[in-house]
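Down below is the structure, laid out as structure tokens.
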Amino acid sequence: MSEKVIADSLAQLQKRSSSKWRFYPSDILPLPVAEMDFQIAEPIKAALHDLVERSDTGYLGPIPELKENFSGFANRKWNWILDPEQVRIACDVGVGVIEVLRTFMSVGDKLMINTPVYNNFFTWINELKLTKVEVPLKREGMHFTLDMAGIEAAYKSGVKAHLLCNPHNPVGTVYTKLELMQIAELADKYDVIVISDEIHAPLTFSNTTFIPFLAASDFSKKVGITVTSASKAFNLAGLKCATIVAQDPKLNAMLDTMPESVHFRASLFGAIADAVAYKSGDTWLDGVIATLDENRRLVADLLKAKVPEIKYRIPDCSYLAWLDVSELNLGENPAAHFIEKGKVAFNPGHTYGADYSQFVRLNFGTSPEIITDSIGRILNSL
Ligand SMILES: Cc1ncc(COP(=O)(O)O)c(C=O)c1O
């Protein structure tokens, strides 16, 4: 069994300067913002120390090791064969998606998303003045998955691109190969480009298999562009680097028209850290997954014992728990209630889609003590 990665103490965490630990006053326990509370992998720390020691702090130039190492990681983890030449660099996943959309779409064009979904999908659409087409996920109990009939109807109605969250934040669904093949075939039929945000993929638990969209079928290679980063799985978001991958010559010809600045706006620190993560991060990653596996079950056990009214499905990937708190009858904004009455912060459900105000998202990428405290604070707030 892999050695678990242990979270820092609350006192250590409160000294962090990242968004999660700066946003709220110290009496509020913060469990929003998708950052983890662990120490980062030793090989990444060493590489960053080395850059600083040598004052190697300039602009990002050619970075073939990142492209090669991502290709190696994708092959090792997911049997996805890709040529390092097909890997491009961007500043982060948000910027990568925006630059890809800018290349293929014009103001007013229709972009499909599947709600509830990562809140910044909405801000990216607004930034580019695109027309949002929501095809909500189908819900069976607490299991959310793609609504193929709804997707086909929307594709038929003139959707130009589909921003897929694969695996899906916040519901924690890892899509099957069959589902991805169906999407790809439909996209080919209706001339839709699929942009697959795969930032959570390396954190897939062993009970399911993550399939990269581009590895699903020949159709997926024809219609798909993947945007991803090591930043979520290895906790490197502040370092700023992501990768964009397309395997179809026509799509790559379009991506070649992106400004050169898309590459050099990424940071040297981020690119080196991602390169090291993909090459030398497997042991640490296994340890994090072992820890998160225990944490996702701990959330279930605590809710069952303390607040059984809250509905939760143990997610198949990552460190986000999507909680249906509707039975608690907390009014329009349950997350605001938990901050005010329980001194505990989660992400409010309505930011993932208008119909999800009775949900909150809890980040369990932390210690069992903090998770336990957070559920205790929910209970105290009632
Ligand atoms: C699905 C998804 N995409 C993108 C991001 C943000 O990535 P970045 O910081 O690289 O823009 C997140 C962050 O939580 C996310 O969950």
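The table below gives the values:
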quantity: Of the chymotrypsin sites (Phe, Trp or Tyr not before Pro) in the stretch 1-65, those whose Cβ has at most 10 other Cβ within 10 Å and which sit in DSSP loop; calculated: Y59
quantity: Computed E for Q39/R297 - FRET, C-beta separation, R0 22 angstrom, nearest 0.05; calculated: 0.45
quantity: Debye intensity ratio I(q)/I(0), log10, the chain, q values 0.07, 0.11 Å⁻¹ (C-alpha model); calculated: -0.30, -0.77
quantity: Residues of the stretch 109-248: accessible area per residue with a 1.4 Å probe, Å²; calculated: 33
quantity: Exposure rank, largest accessible area first [Y319, Y118, Y356; 1.4 Å]; calculated: Y118, Y356, Y319
quantity: Electrostatic dipole magnitude of the chain [Cβ: Lys, Arg +1; Asp, Glu -1; Cα centre; debye, to 20]; calculated: 480
quantity: Centroid-to-centroid separation of the stretch 93-132 and the stretch 22-46 [C-alpha atoms, Å]; calculated: 28
quantity: DSSP loop trypsin sites (Lys or Arg not before Pro) with at most 12 other Cβ within 10 Å excluded, longest remaining stretch of the chain; calculated: 130-382
quantity: For the chain, calculated [θ]222 nm from helices alone, where every DSSP H run of n ≥ 4 adds -39500 (n - 2.57); calculated: -11500 deg cm²/dmol
quantity: Candidate lysines for bridging to K222, where Cα separation is under 24 Å - those fewer than 8 sequence places away on the same chain excluded; calculated: K67, K77, K110, K132, K156, K160, K177, K189, K250
quantity: Three semi-axes of the equivalent ellipsoid, the stretch 34-137, Cα gyration tensor, whole Å, largest first; calculated: 32, 18, 17
quantity: Segment S206-V52, length gained on full extension (0.36 nm per residue, minus Cα span); calculated: 51.8 nm
quantity: Shape category assigned to the stretch 100-259 from the gyration tensor of Cα positions, a/c cut at 1.5; calculated: rounded
quantity: FRET efficiency estimate (nearest 0.05) - Cβ-Cβ, A253 to Y59, R0 35 angstrom; calculated: 0.85
quantity: Two-decimal Rg to Rh for the stretch 123-210 - Kirkwood Rh, Cα set; calculated: 0.96
quantity: E332-E309 FRET efficiency (beta carbon distance; Förster radius 22 Å; 0.05 resolution); calculated: 0.80
quantity: DSSP loop GluC sites (Glu not before Pro) with at most 10 other Cβ within 10 Å excluded, longest remaining stretch of the chain; calculated: 1-259
quantity: Accessible surface of the chain, 1.4 Å probe, proportion on carbon and sulfur as whole %; calculated: 52
quantity: Alpha-carbon centroids, the stretch 259-319 and the stretch 338-382: separation in whole Å; calculated: 18
quantity: Kirkwood hydrodynamic radius of the stretch 295-382, from inverse mean 1/r over distinct Cα pairs, in Å; calculated: 12.8
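The values are calculated or read from the model by the stated rules, or taken from the named source; none is laboratory data. Quick caveat, the model's predicted, so the values are computed rather than measured. Glycine gets a Cβ as well: all are built from the backbone with ideal geometry, and neighbour counts include every protein chain shown. Heads up: the accessible areas ignore ligands, DNA and RNA and are worked out on the full protein's heavy atoms, side chains in. Shrake-Rupley method; radii C 1.70, N 1.55, O 1.52, S 1.80 Å.
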